[in-house]
Amino acid sequence: MRVRIAYSKLEESRYIAHLDLARVFERAMRRAEIPMAYSEGFNPHPKISFGSALAVGVEGEKEYVDVELQQEMDIGEVLGRLQEQLPKGIRLLEGRVLADGSKALMAVLNSASYRVRLAMALPITRVRLQEALDSWLEREHVTYSRYSKKGPTEKDIRPLVKSLTGEIKGEEVIFDLEVEVGSQGGVRPEEVVGSLRELESLPLDMESIHIKRTGIYVSYQGQNLSPFEHDQIQRGRSKQEAR
Amino acid sequence: MSIMTAAEIRREMERFLPQVSKPNRYLGTEWNSIHKDWQQTAVHMAFAFPDVYEVGMSHLGTRILYHLVNSFPEFLCERTFAPWVDMEEKMRDRGIPLYALESFEPLKKFDVIGFTLQYEMSFSNILNMLDLAGIPVRSADRQAQDPWIIAGGPCVYNPEPLAPFIDFFLIGESEEQLPQVLGLIKEQKEKPRERREFLQRVAQVQGVYVPELYDISYKPDGRIEKIVPAPGAPVVVEKAIVTDLDQAFFPSNPIVPYMEIVHDRIMLEVMRGCSRGCRFCQAGMIYRPVRERSPQTLMQQAEELVRSTGYEEMSLTSLSTGDYSCVQPVIQEIVAKYGPQGVGVSLPSLRLDSFDVKLAEEVQKVRKSGLTFAPEAGTQRLRDVINKGVTEENLLETSEAAFKAGWSSIKLYFMIGLPTEVQADLDGIADLAKKVADLGTKNGRRNVKVTVSTSSFVPKSHTPFQWEPQEGMRSLEEKQQYLRSKLKDRRIKYNYHDVQTSFLEAVFAKGDRRLAEVLEWAFRHGCRFDGWSDQFRYDTWLQAFHELGIDPHFYAHRAMDYDDVLPWDHLDSGVSKRFLIEEHHRALRGTRTLDCRHTDCTGCGICPGRGVQVDLKG
Ligand code: SF4
């Protein structure tokens, strides 16, 4: 039985790295005595797969994981037992049984929304902020240098940003953005905000940045669907085709 | 400077935690971590591991004692580790003191800080951690409100280079000793006495060594003249020991980190001690006698541990698990019971002469990994000198069996610079490696990979080789180059340790109190994480010796006499000096000494009169 679970990853749990998260879930499942299905071979692995990785330190309001179990179980019981064994900050929100042949999360998720909060290094007015945003959005290209072991690489991040808005709340600036998630590597929210600071000279205190992924979706016929909704539609379609 | 509160530290940290590497090192919210109430507990202890989190959390002893102390309602125990250099920089920039992970309380607020001394190369981190905590590094500079700084672990068998920094050392196994010490600290907190008076009291606990109660004088040539204990202090401090391991405390709910650590698995301690008697090995002397846990106890612990941790792997740990008398049935039972739940078994240290390929296959049923053998020396002659009871036949037979069973990579560990070593012994290493590789090829393995690793011999206190010098650095390097040229074979990979680190290790392993100055100077000039090759600053160390007019070669490269007063002569592992001298003689004659588990008592001296004995369960 394959189940898809939506969860939030907030507070301290945001520091759990993506690679470690699989082990955190695996061990929690074992403590909860929910029998997982394993891969064949010398080095059997439990069948757990996530959607797109969340960077260390970034909170997630609604993330997804698929798990395959050895036997049929009541989904409510799975969620209840698993929740008790998870670290502080990871809350299970929803779970559904997947139909055979449902596509993996990795294969369908293609869009994400973020909320970024950070302090101003110097006072910024609402007008100034809006000007900066407008000017940034008008650009056709925004190149951003990334540093890796292989040296710096340049990347045009502009085409990956679908929307970007900002507002001022007290001492903080809050940005909401929607970006494409893809196999070719996406764009990081701090890169968008960093380029606003550099190209539009917005005095932002990058050290104080706090990032939260507010959602991750399947963008389908112009709509942002949750992977649950998308699976439902897919299922409906394949039923129709079968008829 | 007033110290920050826990809440202030937490708030400041939140700001930069996403920017440091591996932030989970610094949080203390792991599964099964224990967060006790400060108001409800009388004594607050912080366990301090002088290396990074992922190394410290892999250490079984620290884990046992953390849960042991917390099992007493009146005691609280938290953890702290050496922050990695990026974190330290941010903490120092912002004036954040070193804190304990569970509560974020600054270390300075604890009643006692207990360091674990696993290797000499972590000593500079101890001073750095104290300094980062805002605690004076020298005992003499600390005030009554400062915490007691104590230390345990294998390096306390010669803790002299740390003498001015640590209030007292805990020698031996701490399961019974540490709670006694904490009880005395509780009394001290309620009814304070003079420092000296308290230290005299605590010195009466088995295995507690208070360095300031011992006066050391030196001869004009630099050797020790005598060691004089203060009135009332024990003349010789003898280690504490657990008599019944089967009944000893073992935590059933260990911490499960949220990041990968070095040994990221359940550790099931199957036995303590090893009496094979390898003459270079300190662990083989100081943890005697061999005491095993019964299969019943282990299976019960395994059950609790799988349930409480959810780990996917269980390792049977000890100094030499292949020697555990019930190893086969225990592994079979674990594999049968937990294999279906996706839990594998691993053995950390395999010795080829006690190693059975069938056993390995059993282990590998669930998980596959490489095989490691440690012949330690290249010829039978030298293996007899070090009392390593392994023959070339053993090694080749076992390797062949392993290749036949499907393995294609084998690791071989050797030491260079062992006493009496000659050219033929180096050639022996290369020959053995080639023979093993050829067996692989002969048995049809396509990707035969033999990894040869050599470490440089470091003489350690409380071993038959404690009087031996270390070989000079230049000749060790020549030996490494020689082996490198002899091991040119695409199936063989050769690794070796840098000789500077081994040299400093020898200096401190055989060092005395006068080295404390050097240590402090080196730490003040930036030395830390000396065990990490990318952080090790050999030049700074050399400068430290130079500035203070102390000759490191006096410690590492001098052969000591049997009638020299050794810096650790007042510390007793229970294995007698007479036995060590006999063993040294036998080594030089190339005579073997057999394992007392399988033959008669060989008279090492630990068992008589201490209520302990070799305790086998099979
Ligand atoms: S005293 Fe004898 S029996 Fe006990 S550990 Fe030593 S050699 Fe073995």
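For the segment B:31-40, counting C-beta atoms of other chains within 10 Å of every residue's C-beta and taking the mean gives 1.
In segment B:6-238, Rg over Rh equals 0.97, where Rg is the alpha-carbon radius of gyration and Rh the Kirkwood radius from pairwise Cα distances. By a straight-distance test (C-alpha under 18 Å), which aspartates and glutamates pair with B:LYS442 as possible cross-link partners, with residues fewer than eight away in the same chain excluded? Straight-line reach from B:LYS442, under 18 Å: B:GLU392, B:GLU393, B:GLU397, B:GLU400, B:ASP431, B:ASP489.
Across peptide B:301-314, the mean count of Cβ atoms from other chains lying within 10 Å of each residue's own Cβ comes to 2.
What area, in nm² and to one decimal, does the C-alpha convex hull of the protein assembly as shown cast on average over all directions?
Seen from a random direction, the Cα hull of the protein assembly as shown projects 40.7 nm² on average.
Computed as a quarter of the hull surface, the mean projected area of the alpha carbon convex hull for chain B stands at 27.4 nm². When the GluC sites (Glu not before Pro) in segment B:167-214 are filtered for DSSP coil states and for at most 16 other beta-carbon atoms within 10 Å of their beta-carbon, the remaining sites are B:GLU194. Sorting the segments B:318-327, A:165-174 by their mean number of nearby beta carbons within 10 angstrom, highest to lowest, gives B:318-327, A:165-174.
Averaging the inverse of every distinct alpha carbon separation and then flipping it gives the Kirkwood radius. What is it for segment A:123-243, in angstrom units? Mind showing how you got there, number by number?
On the way: mean 1/r = 0.0598 Å⁻¹.
Across segment A:123-243, the inverse of the average 1/r is 16.7 Å.
With pairing defined as another cysteine C-beta under 4.7 Å, the cysteines of the protein assembly as shown that fail it are B:CYS77, B:CYS155, B:CYS274, B:CYS326, B:CYS527, B:CYS596, B:CYS601, B:CYS604, B:CYS607. Based on alpha carbons, the Rg and Dmax found for segment B:200-276 are 20.1, 55 Å. Accessible surface calculations at 1.4 Å, restricted to protein heavy atoms, place the protein assembly as shown at 41 Å² per residue. With the helix formula -39500 (n - 2.57) applied to DSSP H stretches of n ≥ 4, the protein assembly as shown reaches a computed 222 nm mean residue ellipticity of -10000 deg cm²/dmol. Kindly provide the Kirkwood hydrodynamic radius of segment A:13-114 in Å, to one decimal, from all pairs of distinct alpha carbon atoms. That comes to 14.6 Å for segment A:13-114.
Counted by Cβ distance under 13 Å from B:GLN206, the other residues give a net charge of -3, where Lys and Arg count +1 and Asp and Glu count -1.
Rolling a 1.4 angstrom probe over the protein assembly as shown with all protein chains present gives an accessible area of which 49% lies on carbon and sulfur atoms. Across peptide A:199-208, the mean count of Cβ atoms from other chains lying within 10 Å of each residue's own Cβ comes to 1.
As a size descriptor, the averaged projected area of the C-alpha convex hull of segment A:180-228 was calculated at 5.0 nm². Give me the distance between the Cα centres of segment B:1-80 and segment B:83-126, rounded to whole Å. Between the Cα centre of segment B:1-80 and that of segment B:83-126, the gap is 10 Å.
Estimated at 0.36 nm per residue, the fully extended path between B:GLU260 and B:ARG474 surpasses their Cα-Cα distance by 73.2 nm.
Between B:TRP38 and B:GLU74, residue separation times 0.36 nm minus the direct Cα-Cα distance comes to 12.0 nm. Ordered from longest to shortest, the equivalent ellipsoid semi-axes for segment A:39-182 are 38, 21, 15 Å, each the square root of 5 times a Cα gyration tensor eigenvalue.
For a modelled paramagnetic label at B:LEU616, 7 Å from Cα along Cα-to-Cβ, the residues of segment B:259-301 in reach, with backbone nitrogen under 18 Å, are B:270-278, B:288-296. Over 25 Å between C-alpha atoms is what I'm after, so list which of B:LYS488/B:LYS510; B:LYS186/B:LYS239; B:LYS219/B:LYS479 land there. From the list (B:LYS488/B:LYS510; B:LYS186/B:LYS239; B:LYS219/B:LYS479), the Cα-Cα distance tops 25 Å for B:LYS488/B:LYS510; B:LYS219/B:LYS479. Using a 1.4 Å probe over protein heavy atoms, the accessible area lost on pairing B with A, summed over both chains, comes to approximately 2400 Å². Taking Cα atoms only, the orientation of helix A:18-31 departs from the longest principal axis of chain A by about 30 degrees.
The values are calculated or read from the model by the stated rules, or taken from the named source; none is laboratory data. Since this is a predicted model, take the numbers as computed values, not measurements. For neighbour counting, all protein chains shown are included, and Cβ atoms are generated from backbone atoms with ideal geometry for every residue, glycine included. Note: accessible area is taken over every heavy atom of the protein model, side chains too, but ligands, DNA and RNA are not part of it. Shrake-Rupley method; radii C 1.70, N 1.55, O 1.52, S 1.80 Å.
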